[in-house]
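The values are calculated or read from the model by the stated rules, or taken from the named source; none is laboratory data. Since we're looking at a predicted model, the values are computed, not measured. Every residue, glycine as well, gets a Cβ built from its backbone with ideal geometry; the counts of neighbours run over all protein chains shown. In case anyone asks, the SASA skips ligands and DNA or RNA and just uses the protein heavy atoms, side chains included. Shrake-Rupley method; radii C 1.70, N 1.55, O 1.52, S 1.80 Å.
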Amino acid sequence: MNLQSLSGKQAHIWQRLSALYLLIYTPYLAWISLSISPQESLPNLAALLLSPIYLLPSLVAILLIIVHSWIGLRDIIIDYTPRAHTILWLWGLRWLLIVISMNIVWVLFTLYFTH
Amino acid sequence: MYQHPGNRPVFLNLMKIRLPLNAWLSVSHRISGLGLFISLIGYLALINLLLLHPAVSLNSVQDHWIVLSLHTVLWIALSFHWLSGLRHLLAEHFTSATPYQVINSKGVSQLLLLSWGMVSVFIIKLVWSL
């Protein structure tokens with residue numbers, strides 16, 4: 001990875017597209033959160049959240065949150081870290097997002113197959 | 001030994017830098033985004049804890065102060081990020097002079113902060129059952 005290879009235009013388009021989707025998804029998430037009973041158990045909650053009406057929009061949102069986070073945090077790193085350490089920070093962020101993505105996949109599979 | 005002819009190095013006192021309200025909102029958009037990212041990692045850790053330790057149940061942790069703080073940070077940061085993000089998107093969409101000036105006016109920024117303040121009070125009352 002080098003700084004010149006990080007495209008500004010493509011990143012801008014993805015940032016805007018993900019922002020538009022999340023702009024609509026966030027009130028939907030708030031509505032879901034308000035409608036869930038606070039006494040819900042994990043299996044019931046998992047069953048509810050894994051039903052298609054919740055799962056499909058949420059999966060798209062998770063993917064776009066990862067994209068949005070990568071671009072947003074990448075820009076913060078490029079703008080504020082000393083130039084000598086920027087690539088190191090970017091690699092750290094990239095690996096953190098890969099680990100988070102793998103963990104999310106594991107969580108979804110575990111919830112789907114065990115609850 | 002070389003000496004710069006000017007008055008350097010210059011000490012930048014960050015407390016004396018006066019930024020316009022819009023600039024503060026832009027900086028805060030980034031800070032709230034970082035806060036969201038950290039709180040989402042917190043939620044992921046919580047889900048991992050629930051899945052890996054059968055002895056820990058959702059009911060047993062849902063009133064813990066750490067979980068309540070996580071809810072508070074997430075929703076307060078998310079509401080600010082959402083509102084300021086909406087303003088960014090509107091400013092990029094309505095590029096002709098008049099609507100652009102309105103969107104970037106001090107009044108709209110103050111309205112955004114007021115709305116966020118009200119939503120934040122609602123979130124705190126709801127999460128902490130006040």
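Taken together, B:Leu58, B:Leu126 contain a single residue that is within 23 Å of A:Glu40 (Cβ to Cβ), without any contact (Cβ under 8 Å) to a residue 40 or more places away in the chain and either of a type in the set (Lys, Arg) or open to solvent by less than 40 Å² (accessible area, probe 1.4 Å) (or both), which is B:Leu58.
Within region A:65-75, take every residue that is more than 21 Å from A:Ala46 (Cα to Cα) and either polar (S, T, N, Q) or open to solvent by 30 Å² or more (accessible area, probe 1.4 Å) (or both) and give me the one that is nearest to the other protein chains (Cβ to nearest Cβ). Per the criteria, the residue is A:Ser69. Of A:Leu29, A:Leu20, all but one fail to be without any contact (Cβ under 8 Å) to a residue 24 or more places away in the chain and within 15 Å of the chain's Cα centre (by Cα); the exception is A:Leu20.
Test A:Leu22 against the criterion of being hydrophobic (A, V, I, L, M, F, W, C), crowded, with 16+ Cβ neighbours inside 10 Å and touching a Ser or Thr at 6+ places or on another chain (Cβ under 7 Å), and give yes or no. No; evaluated as a whole, the condition is false for this residue.
Of the residues making up region A:41-64, at least one is open to solvent by 80 Å² or more (accessible area, probe 1.4 Å) and at pLDDT 95 or above.
Scanning region B:49-98 for residues that are of a type in the set (S, T, N, Q) and not in a loop (DSSP other than H, G, I, E, B) yields B:Asn59, B:Ser60, B:Ser69, B:Thr72, B:Ser79, B:Ser84, B:Thr98.
Here's the yes/no breakdown for (1) at the interface with another protein chain (Cβ under 10 Å from one of its Cβ atoms); (2) over 18 Å from the mean Cα position of the chain (by Cα); (3) more than 20 Å from A:Tyr25 (Cβ to Cβ); (4) touching a residue at least 60 places away in the same chain (Cβ under 8 Å):
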position	(1), (2), (3), (4)
B:Arg87	no, no, no, yes
B:Ala91	no, yes, yes, no
B:Leu114	no, no, yes, no
B:Gly117	no, no, yes, no
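Residues in region B:40-55 that are within 17 Å of A:Val67 (Cα to Cα) and touching a residue at least 24 places away in the same chain (Cβ under 8 Å): B:Leu40 alone. If the condition is being touching a residue at least 40 places away in the same chain (Cβ under 8 Å) and surrounded by 12 or more Cβ atoms within 10 Å (Cβ to Cβ), then region A:76-99 contributes A:Ile78, A:Thr86, A:Ile87, A:Leu90, A:Arg94.
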